[in-house]
Amino acid sequence: MRGSASRAQIAEGTALSRATISEITAELRDAGLVVLAQAPAGSTRVGRTPEHLTLNPATGVIVGVEFSHTRVTVVACDITHRVLGSRMLDHGKEEPWEQRFTTATDFVGQLVSTGAASFPLRAIGVGVPGVISGRAQVLAALEQRLTEHYRVPIRTENNARLAGLAEFSWGAGQDMRDLIYMRLSEGVGGLLIIDDEPRLGNTGSAGEFGHVCLDPNGPVCRCSNRGCLEAYVGMGAVLRRAGAASVEDLVDALDRSESRAHAVIADAGARIGLVLANACSILDLSSIVLGGALSEAGEYLVRSVRQTIVRHVNAGIAENLKIQVAQLGSLDGALGSVALVLRDRTIPVGARTTSATARDERGRTA
Ligand SMILES: [Zn+2]
């Protein structure tokens, strides 16, 4: 639930009866989880304005952490999804995990001790790159470190997938039930949402678009296989081929119509488009969000991706094809870590737990 809503609006959004919503919201108000909100500005309704309800921001703070290959990002939000503060630090690819933990722990400490986040810390979500099952040691060490400092529930997930969850929860994909999200940064990953639910797969690695093979004889990838998408369109490879020092440089070169930059982006878009076309055909999906640093190339990239997809999918998918660029910028992974916690019904993010918090409510909660 974002912002405020009347009971009638909540009933409409959840397909539950108004009587049920009244009962649930009364319980949530008793528990201090929900409070009355100001009616939205511009409300011109004649007669009695219905009460608007909102989640109670004083309930607590959720912290989201993202470790990407080259950056530590930490964001603090209240449970109404309002960002209270954030911290970010770039580092080299070889930065030891121990040092990354120290950076993150310091940032969490700074954010939860500032006036902006004066409510109690309730939970921490953490995103890490790569397949989660391959990060067991790192995650155990991190969890131990965070638990020593903050005795709250900690949840972890792949960072690219979390960036997709953030876009799905409150970014470019928020009105969709089905979504293919691809994150194009140093690493390439993503998230599949089908029928309103993130799909994780049997081993929790669904959405690893970066390691789809385009050419078994292609260049060696970070994962040690050959010809993976990431080996061609990972940020490092793209910048090297374009002769650009940064994404900003690359976008400047595109704006100046430099042919080398355009050729590199057209090639990257075609490869990305091929993988997405196959995903669209297999899953019969047509809504795509492109995120990560490379998505800053915007329409230059989208044009090439779209052309390739349309060439390879059936007419029905092509007709409904919707490709958007992500909206949440560089906080996306950390915000996704917050969304992960808010969607987790085993974490009571409340003043006190009631039967209502555990009730199986329909609809999205984050
Ligand atoms: Zn690979």
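Here are a few things to note about the model shown:
- Per residue value of the accessible surface for the chain (all protein chains in place, 1.4 Å probe), Å²: 46
- Scattering profile of the chain at q = 0.11 Å⁻¹ [log10 I(q)/I(0), Debye over alpha-carbon scatterers]: -0.80
- Stretch in the chain that is longest and holds no GluC sites (Glu not before Pro) that DSSP places in a loop and that have at most 12 other beta carbons within 10 Å: 95-366
- Calculated from backbone phi, Karplus (6.51, -1.76, 1.60) coupling profile of the stretch 277-290 in Hz, x at Gly/Pro: 4, 5, 5, 4, 5, 5, 9, 6, 10, 9, 10, 10, 10, 9
- Only the Cβ atoms of Lys and Arg (+1) and of Asp and Glu (-1) were treated as charged; on that basis the dipole of the chain about its Cα centre amounts to roughly 440 debye.
- Other residues whose C-beta falls under 10 angstrom from the C-beta of VAL126 contribute a net charge of -2, scoring Lys and Arg +1 and Asp and Glu -1.
- Solvent-accessible area, 1.4 Å probe, carbon plus sulfur percent, for the stretch 175-327: 46
The values are calculated or read from the model by the stated rules, or taken from the named source; none is laboratory data. Every value quoted in this text rests on a predicted model; they were computed, and no experiment measured them. FYI the Cβ positions are ideal-geometry reconstructions off the backbone, even for glycines, and counts take in every protein chain you see. The area values use the complete protein model at the heavy-atom level, side chains included, leaving out ligands, DNA and RNA. Shrake-Rupley method; radii C 1.70, N 1.55, O 1.52, S 1.80 Å.
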